[in-house]
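S.K.: Here you go, one structure.
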Amino acid sequence: MKNSHKKHLTGELLCGIDGGGSITQVVVCNLEGEILHSFQAETINHYGAGTSKVSENFAKISAELLSELGCMPGIIFIGNSALDGRAEDSLVKELTRGVFQPAKVVFHSDVYVALMGFTLGDPGAVLISGTGSMACGIDAGGAYHTAGGWGQVLGDEGSAYFMALKGIKAALRAYDGLSENTQLTTRVMQFFKLENMSDLIEKVYNPPLEKSLIAAFAVEVAAAAEEGDTVARSIVNQQADWLSKLALAITEKCNTKNLGYYGSVLNQNEMIRTRLSARLAKHSIKLQVPLFKPEIGALIGAFNESDRKLTDQVISNLKRYNQV
């Protein structure tokens, strides 16, 4: 979405950024909630891409904002998939290296901005399954709770990365004759463009393959499951089981039945979503599509930081972003 290159004043603008495990969405609005500019950028997850690369990506985001708006927004609220809560100013400075000055910059988790996009700050919870997985929520007393989100080494069950890795490992076991045959073996060869399966070692380890590139194989696992591959179906069922546990954990912590969902796995994988919904229905919990995308949730975070109220007019203007 491009604006008309009108020059603005810093205090007139708010910026929301949703940094998932693979891509970053940036959106800017005025104090009436009218969207002025939005664009996609590279990852800002410093655990996955490294501090240096993330700082470069923040510099590119800053350059785009200045180029299109003529100034830096007054408040920039960032949801980062590497975080599980609000970050200290020291981390903000380390990663952004001052490129957003003179803006007030807030770092929080990507699940928090997703939560804002669902509840607008009211009690409720969200379940996220994209490149990574996590859940968070707010209880009736306003306390913030989380579950999951331990990253690809310590957890991330129910995520695209975890599903992809399970699929790749299943393919290798079948290739070695250690388990039943699966079409995932052929899919690994084709997806990673391998002449020999042993080439996968070089592909994955030298240099280490980015988390997002491994996670992309989850689509192949889902496709194999849809075609009836028993190994892939088992992986999908395991994913649904884990996500149901994560959902029940966060709704119990928040004492709520109000649950929204985000992320590529839940948005695009009907098999997982259907199985998950059936499990949650037994607990009188219905998965709901959030009102706003996470980047708009980040804008809502920026509104809260500015102490400006989310009026009906602001919400109405923000809704137009979903229609683009």
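The values are calculated or read from the model by the stated rules, or taken from the named source; none is laboratory data. Since we're looking at a predicted model, the values are computed, not measured. Every residue, glycine among them, receives a Cβ derived from its backbone with ideal geometry; neighbour counts consider all protein chains shown.
S.K.: How many residues are surrounded by 17 or more Cβ atoms within 10 Å (Cβ to Cβ) and in a loop (DSSP other than H, G, I, E, B) when one looks only at region 156-179?
M.R.: 4
S.K.: With the structure loaded, tell me whether residue 297 is touching a Gly at 6+ places or on another chain (Cβ under 8 Å) and either in the same structural domain as residue 107 (by TED's automatic domain parsing) or surrounded by fewer than 14 Cβ atoms within 10 Å (Cβ to Cβ) (or both) or whether it fails that test.
M.R.: In short, yes.
S.K.: Is region 209-228 home to any residue that is closer than 16 Å to residue 171 by Cβ, aromatic (Phe, Trp, Tyr) and in contact with a Gly (Cβ under 7 Å, 6 or more places away or on another chain)?
M.R.: Yes, region 209-228 contains a residue that is closer than 16 Å to residue 171 by Cβ, aromatic (Phe, Trp, Tyr) and in contact with a Gly (Cβ under 7 Å, 6 or more places away or on another chain).
S.K.: Within region 67-81, can you find the residues that are under 23 Å from the mean Cα position of the chain (by Cα) and either free of Cβ contacts under 8 Å to residues at least 40 places away in the same chain or not in a loop (DSSP other than H, G, I, E, B) (or both)?
M.R.: Hits for region 67-81 are 75, 76, 77, 78, 79, 80.
S.K.: So, in region 247-259, exactly how many residues are assigned to a strand (DSSP E or B) and modelled with pLDDT of 95 or more?
M.R.: The total comes to 1.
S.K.: Shifting gears a bit: I'd like the residue in region 24-44 that is within 15 Å of the chain's Cα centre (by Cα) and free of Cβ contacts under 8 Å to residues at least 40 places away in the same chain and, out of all such residues, is nearest to residue 298 (Cα to Cα).
M.R.: Filtering first and then ranking leaves 24.
Conditions (1) buried (at least 16 other Cβ atoms within 10 Å of the Cβ); (2) over 20 Å from residue 292 (Cβ atoms); (3) among the hydroxyl-bearing types (Ser, Thr, Tyr), marked per residue:
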| position | (1), (2), (3) |
| --- | --- |
| 29 | yes, no, no |
| 45 | yes, yes, no |
| 56 | no, yes, no |
| 62 | yes, yes, yes |
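S.K.: Give me the pairs: first residue in region 298-317 and free of Cβ contacts under 8 Å to residues at least 12 places away in the same chain, second residue assigned to a helix (DSSP H, G or I), beta-carbon distance under 8 Å, and six or more apart or on different chains, which are they?
M.R.: 309/303
S.K.: Output the residues belonging to region 263-302 that are touching a helix residue (DSSP H, G or I) at 6+ places or on another chain (Cβ under 7 Å), more than 30 Å from residue 318 (Cα to Cα) and outside any helix (DSSP H, G or I).
M.R.: Residue satisfying the conditions is 283 alone.
S.K.: Based on what the data block shows, is residue 240 closer than 30 Å to residue 184 by Cα, outside any loop (DSSP other than H, G, I, E, B) and either of a type outside the set (D, E, K, R) or assigned by TED's automatic domain parsing to the domain that holds residue 39 (or both)?
M.R.: Taking the combined requirement at face value, the residue satisfies it.
S.K.: Just a yes or no: is a residue in region 74-86 modelled with pLDDT under 90 and among the aliphatic types (A, V, I, L, M)?
M.R.: Yes, the conditions are met somewhere in region 74-86.
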